[in-house]
Each structure stands twice: as C-alpha cells, then as structure tokens.
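Below is one structure, written out as structure tokens, with a few remarks after it.
What follows is calculated from the coordinates using simple rules that are stated; it is not laboratory data. It should be emphasised that the depicted structure is a prediction, and the values quoted were computed from it without experimental measurement. For neighbour counting, all protein chains shown are included, and Cβ atoms are generated from backbone atoms with ideal geometry for every residue, glycine included.
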Amino acid sequence: MGLTLRGRTALVTGASSGIGAATAAELAANGCELVLVGRDRRRLAEVAERSGGRALAAELTDEAELDHVVTAARQVDLLVHCAGVGWAGDLASMPAERVAELAAVNLTAPMLLTSAVLPELRRRRGHVVFVSSIAAVGVRGEEVYAATKAGVRVFAESLRLDGIGVTTVFPGAVRTPFFAGRRYDRRFPRMLTAQEVASALVKGVQRGRAEVFVPAWLAVPARLQGAAPGLFRGLARRLG
C-alpha cells in the first residue's frame, strides 16, 4: 500500500546535498513537513530554507547526536535514509578507518535510527526508505561500499517482513559529491541526476513499491545475480 504524502512529516538524512537535498525538495513539493538531517550546517540551512523544513545538523555516527535525531524522529510518518559515504580503489590500500566509517554511516546508523523509532512508525502506520545502490550486487574496486549497501538491502527486506512499509532504492551512478574528484568515463550507462533518483524515490513511496531501480532496467542485472550467478559474474568481469 502506498503512502499519501500531503500533510505527513518526513525526516530525511543526508539532506545537505545530493540525493537527500533533491528528495527534500520533492517531498516538500508533495506537501510534506520536513525534518532535515545532515553534517554540513551551511548547506543544510540552505536546503531547509528552500524546502521550508527544519534543519537538524548531526553526525549520525555520534551516539549523543544520534539520540537527538531519534527524539526529532518520534513524530515522523516517513523516514528516509539518504546519508552515505563511499570509497573506491584497491581494497588493499583502503585505510582501516575508512572501512569503519563506511560501515558506521552506511549501515549501522540507519539500523540504529530505524530500530529506535520503529514503535512510533508502527503506531503511525509509517514508511521507511533506504537508499542503497546497484553496487549492492558487487562492484570491483568498491568492495566495502558494495557490502554496506548489500547489508542495507537485506536489513530492509527483513524489516519489510515485520509488516512495516519499506521502499529500497537502487540508483546507478549519480552526479553527486560522491563522484567529486573521480572520473566517470563510461558512455553507458549515463550518470543520473539526484533529481531523477529523488523523483523515482517519491513515486515508489506513493505507489507502495518494495524496490525501485533507477533507471528501471538495472533490475535486470540485480535479478540475474540471484537467478544465474555464474553468468552474472562473467558479464560483470567483462564490463567492469
């Protein structure tokens, strides 16, 4: 069942830039009251001013600041997890602290925040959105990032079995600060805009979609991984 957005209160993490900021704008256009969480105070304030939301600067990996966000989230109908960090390169050269950071921001923080407000979301018949990534199927050079996004997918699926409304979004490459300083030299698939992902996310919530792939054809490799893993690995090696 989809969620009617007008008059609802939504909390969006990672709202200071990228998909989070675009999602805030899209939700505001659909009549939502917003609580916007992010680390960059200046950018977050700008997003809040444009969308009419309440800015809440917080570091979700800090226990005290996470508790502050939990308090703000107790009256929300829609919880949207957009906050995330990435890293690409040779796994052997990845610093241990970056491994810990990706696990904390991309996976642990969403699980803790969701579990803390779950009783209220159940009472309000609310909805949770997780922004995962098509990298959740496995990407060479992004092993840790891919693992955290796969973890998000499994957590969301398990939560869905608990009876709460859940939408998981799987974007391809998106033109956001994630790619700052990195080249994207593939002609196909093209890079998405954050607005394209945000629009698909909101439509997915309104329609009660369990999973949303952006673009939609990315569902094919995701399904192929499960149905024919050997074939998937062969194709992934050639394309990667």
Positive-end residue of 147, 24, 218, charge dipole of the chain with Cβ unit charges: 218
Dipole magnitude (debye, nearest 20) for region 33-106, charges at Cβ of Lys, Arg, Asp, Glu: 260
Could you tell me which label, among [x] 48, 37, 29; [y] 52, 36, 30; [z] 62, 44, 42, carries the value of Cα extents along the principal axes in Å calculated for this structure? [x]
Under 5 Å between amide H atoms, partner at least 5 residues away or on a different chain: which partners does residue 85 have, H built in plane at 1.01 Å? 106
5 Å is the cut-off here: which amide hydrogens, built 1.01 Å from N in the peptide plane, fall below it relative to residue 168, excluding neighbours closer than 5 in sequence? 130, 211, 212
Which angle between 0 and 90 degrees, to the nearest 10, do you get for helix 18-29 versus the longest principal axis of the chain when only C-alpha atoms count? 40
Under the Karplus relation 6.51 cos²θ - 1.76 cosθ + 1.60, θ = phi - 60°, what is the ordered set of whole-Hz ³J(HN,Hα) values for region 139-146, x standing for Gly and Pro? 9, 5, x, 9, 4, 6, 4, 4
Just to be sure I understand: with springs between alpha-carbon atoms less than 10 Å apart, which residue in 208, 89, 126 has the highest mean-square fluctuation in the Gaussian network model of the chain? 89
Taking springs between alpha-carbon atoms closer than 10 angstrom, which of 92, 200, 135 fluctuates most in the Gaussian network model of the chain? 92
Highest-MSF residue in the chain out of 192, 44, 34 [GNM, Cα springs under 10 Å]: 192
As a check on your grasp of the helix formula, calculate [θ] at 222 nm for the chain: sum -39500 (n - 2.57) over DSSP H runs of n ≥ 4, divide by the residue count, round to the nearest 500. -14500 deg cm²/dmol
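Treating only the Cβ of Lys, Arg, Asp and Glu as charged (+1, +1, -1, -1), what charge dipole size does region 76-142 show about its Cα centre? Round to the nearest 20 debye. Let's see the in-between values first.
Working: 6 positive and 6 negative charges, 82 e Å.
Approximately 400 debye in magnitude.
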Specify the angular offset, from 0 to 90 degrees and rounded to the nearest 10, of the alpha carbon long axis of helix 194-207 from the longest principal axis of the alpha carbons in the chain. 70
Charge dipole magnitude, Cβ of K and R +1, D and E -1 - the chain, Cα centre, debye nearest 20: 960
Taking R0 as 35 Å, what FRET efficiency do you get between residue 67 and residue 93 from their Cβ-Cβ distance, rounded to the nearest 0.05? 0.50
Contour minus Cα-Cα distance for residue 219 and residue 111 (0.36 nm per residue): 36.4 nm
Amide H proximity to residue 59 below 5 Å, modelled H, separation 5+ or other chain, gives none
